[in-house]
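Before any comments, here is the structure.
Just so it is clear, none of the values below were taken in a lab; they were calculated from the coordinates. This is a predicted model, so every value here is computed, not measured. Cβ placement follows ideal geometry from the backbone for every residue including glycine, while neighbour counts extend to all protein chains displayed.
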Amino acid sequence: MCLGIPGEVIEILTDRPDLAKVDVSGVRRNINIGLLGDDRPAPGEWVLIHVGFALSKIDEAEARSALEFLESIGQAYSDEIAALTESRIE
């Protein structure tokens with residue numbers, strides 16, 4: 001199963017404006033925000049992430065709700081976090 005997971009934008013990389021550092025349940029990774037076009041996120045905003053790409057901006061309430069749901073489904077969420085931990089986009 002493929003999941004989109006919410007992440008909070010920590011910073012936009014100054015040398016690579018198409019990349020943002022995000023925090024997903026304590027895991028910090030660089031993700032590509034290029035698909036968002038002109039609707040770029042700012043630090044503190046939330047994005048929905050799939051395979052290292054931000055698919056859309058979401059509000060904090062939607063992010064919290066999605067995280068609660070994902071945590072409740074157990075292993076699939078754990079697998080997605082493990083995959084995120086091992087991934088790198090730099």
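Considering only the other residues whose Cβ falls under 12 Å of the Cβ of Leu70, what net charge follows from Lys and Arg at +1 and Asp and Glu at -1? Residues close to Leu70 contribute a combined charge of -3. The 3J(HN,Hα) values that the Karplus relation (6.51, -1.76, 1.60; θ = phi - 60°) gives for the stretch 63-71 are, in residue order, 4, 4, 4, 5, 5, 4, 4, 4, 5 Hz. Gly and Pro appear as x.
Here the alpha carbons of the stretch 5-86 define both size measures, Rg and Dmax, at 12.0, 38 Å. Of all DSSP beta bridges confined to the chain, the antiparallel ones make up roughly 95%. Phi-derived couplings, Karplus 6.51 cos²θ - 1.76 cosθ + 1.60 at θ = phi - 60°, listed residue by residue for the stretch 8-14: 8, 6, 8, 7, 9, 6, 5 Hz, with x used for Gly and Pro. Counted by Cβ distance under 12 Å from Asp59, the other residues give a net charge of -2, where Lys and Arg count +1 and Asp and Glu count -1. By other beta-carbon atoms within 10 Å, ranking Leu70, Leu55 with the fewest at the front produces Leu55, Leu70. Helix 75-86 and the long axis of the chain differ in direction by around 30°, with both axes built from C-alpha atoms. By other beta-carbon atoms within 10 Å, ranking Thr14, Thr85 with the fewest at the front produces Thr14, Thr85. Taking other C-beta atoms within 10 Å as the exposure proxy, Ile49, Ile81 rank Ile81, Ile49 from fewest upward.
Mean residue ellipticity, 222 nm, helices only, the chain: the sum of -39500 (n - 2.57) across DSSP H runs of n ≥ 4, divided by residue count and rounded to 500, is -8500 deg cm²/dmol.
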